[in-house]
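S.K.: Can you keep this structure in mind? I'll have questions shortly.
The values are calculated or read from the model by the stated rules, or taken from the named source; none is laboratory data. Fair warning: this is a prediction, and the values are worked out from it, not measured in the lab. A quick note on method: Cβ atoms are made from the backbone with ideal geometry, for glycine too, and the neighbour counts reach across all protein chains shown. Remember, those area values only see protein heavy atoms, side chains included, never the ligands or the DNA or RNA. Shrake-Rupley method; radii C 1.70, N 1.55, O 1.52, S 1.80 Å.
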Amino acid sequence: MVRGLFTAWSGMANEQKRLDVVSNNLANAATIGYKKDSVTNQSFDNLLTIKIKDASENYRDRSIGTMSLGVKIGEVYTNYDQGSLRKTDNTFDIAIEGNGFFKVSTKDAEGNEVIKYTRDGAFTKDVNGRIVDVYGNPLLGEGSEITVPTDASNILIEADGSIYADNVYIDKISLADFEDYKYLQKQGDSMYIALDGAEEKEAVAAIQQGYTEQSNVNVVSEMTKMIAITRAYEANQKVIQSIDGSLDLAVNSVGKV
């Protein structure tokens with residue numbers, strides 16, 4: 001009976017984690033370039049149950065089967081499916097159609113450069129002419145940071161990433177892709193860092209100027225998941241209440257007989 005309490009508790013803890021993931025997806029449904037997270041569940045390893053010191057079995061140990069100790073989170077993984085493209089007509093809004101990531105230069109706490117990867121193409125031009133993201137991190141090209149003349153009247157970004165300012169070639173946007181996305185770790189809502197073992201490869205994609213890629217979160221699907229999670233949580237809660245009532249009877253009523 002007490003094991004039933006643990007099993008129900010593990011179910012509640014698992015549903016709480018799933019709810020956290022779904023809630024984060026819904027909170028970022030309008031975040032540019034956001035890729036939704038999903039959760040897998042798995043049971044704890046089954047244990048062999050053995051009857052010991054039982055007079056009905058002549059005090060011989062006997063296997064009576066297996067039992068499960070409940071459920072746990074198996075893995076939280078990211079879905080990298082393409083999001084829809086939204087037309088903005090802003091000069092420095094760019095979207096990736098296909099696989100790959102933009103590369104931006106960031107600084108760590110010690111001031112060292114850290115390359116991060118993102119699908120968020122809502123860039124702007126700062127006062128120095130650098131193309132930067134909303135945090136001021138510069139977009140990287142084949143050379144280094146991409147800088148356009150501050151007085152340029154016409155900026156053209158072609159599908160291959162080549163940038164022209166008043167018909168003069170400036171640089172080419174550097175895209176990166178990876179052999180296995182499991183070696184990417186999410187940083188914040190729409191940025192990633194490459195972990196040790198990540199193998200970078202050439203991105204096969206086209207760049208669309210004047211567009212941004214929306215999140216790949218399906219709000220209706222996530223809301224449906226949230227309802228199912230809430231019901232599963234309540235079911236486990238009722239199991240605990242039922243066992244608690246049985247224990248109360250065993251201690252306060254049966255014990256008096």
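S.K.: So what is the 222 nm mean residue ellipticity for the chain from helices alone, if each DSSP H run of at least 4 adds -39500 (n - 2.57) and you divide by all residues, rounding to the nearest 500 deg cm²/dmol? Numbers along the way, then the final one.
M.R.: On the way: 2 runs with 60 residues, N = 257.
Value at 222 nm, helices only, nearest 500: -8500 deg cm²/dmol.
S.K.: Another question about this same structure. When all protein chains stay in place, what accessible area (Å², nearest 10, 1.4 Å probe) is found for Leu195?
M.R.: Only protein atoms counted, so the area is about 70 Å².
S.K.: For the chain, list log₁₀ I(q)/I(0) at each q in 0.09, 0.14 Å⁻¹, using the Debye formula over Cα point scatterers of equal strength and ignoring solvent, two decimals each.
M.R.: Computed log10 I(q)/I(0) values: -0.58, -0.99.
S.K.: Over region 84-214, what is the relative contact order in whole percent, taking alpha-carbon pairs under 8 Å and six or more residues apart? Show your work: numbers first, answer last.
M.R.: Details: 309 pairs, mean separation 46.2, N = 131.
Across region 84-214, relative contact order equals 35 percent.
S.K.: Viscosity 0.890 mPa s, temperature 25 °C: Stokes-Einstein D of region 84-214 from its Kirkwood Cα radius, in µm² per second?
M.R.: Working: Rh = 15.0 Å.
Result for D is 163 µm²/s.
S.K.: Okay, moving on. Evaluate the relative contact order of the chain (contact order divided by residue number), counting alpha-carbon pairs under 8 angstrom at least 6 apart; express in whole percent.
M.R.: Numbers: 513 pairs, mean separation 66.7, N = 257.
Rounded, it is 26 percent for the chain.
S.K.: Heavy atoms only, probe 1.4 Å: what % of the accessible area of region 84-214 goes to carbon and sulfur, would you let me know? Present the calculation step by step, with values, prior to reporting the outcome.
M.R.: Values: 2830 of 6820 Å².
The computed percentage sits at 41.
S.K.: Can you put Arg3, Arg119, Arg231, Arg18 in order of accessible area, largest first, using a 1.4 Å probe? Each step should come with its number before you reach the end.
M.R.: Details: Arg3 110, Arg119 10, Arg231 165, Arg18 60 Å².
Largest to smallest exposure gives the sequence Arg231, Arg3, Arg18, Arg119.
S.K.: So, one more: Pull out the extension gain between Leu26 and Arg86, defined as 0.36 nm times the separation in residues minus the alpha carbon to alpha carbon distance; nm, one decimal.
M.R.: Computed gain between Leu26 and Arg86 is 19.7 nm.
S.K.: Using only Cα atoms and rounding to the nearest 10 degrees, what angle (0 to 90) does helix 219-252 make with the longest principal axis of the chain?
M.R.: Orientation of helix 219-252: about 20 degrees from the principal axis.
S.K.: Given a Förster radius of 51 Å and the C-beta distance between Glu158 and Leu249 as r, what FRET efficiency does 1/(1 + (r/R0)^6) yield to the nearest 0.05?
M.R.: Working: r = 76 Å, r/R0 = 1.49.
Computed FRET efficiency for Glu158 and Leu249 comes out at 0.10.
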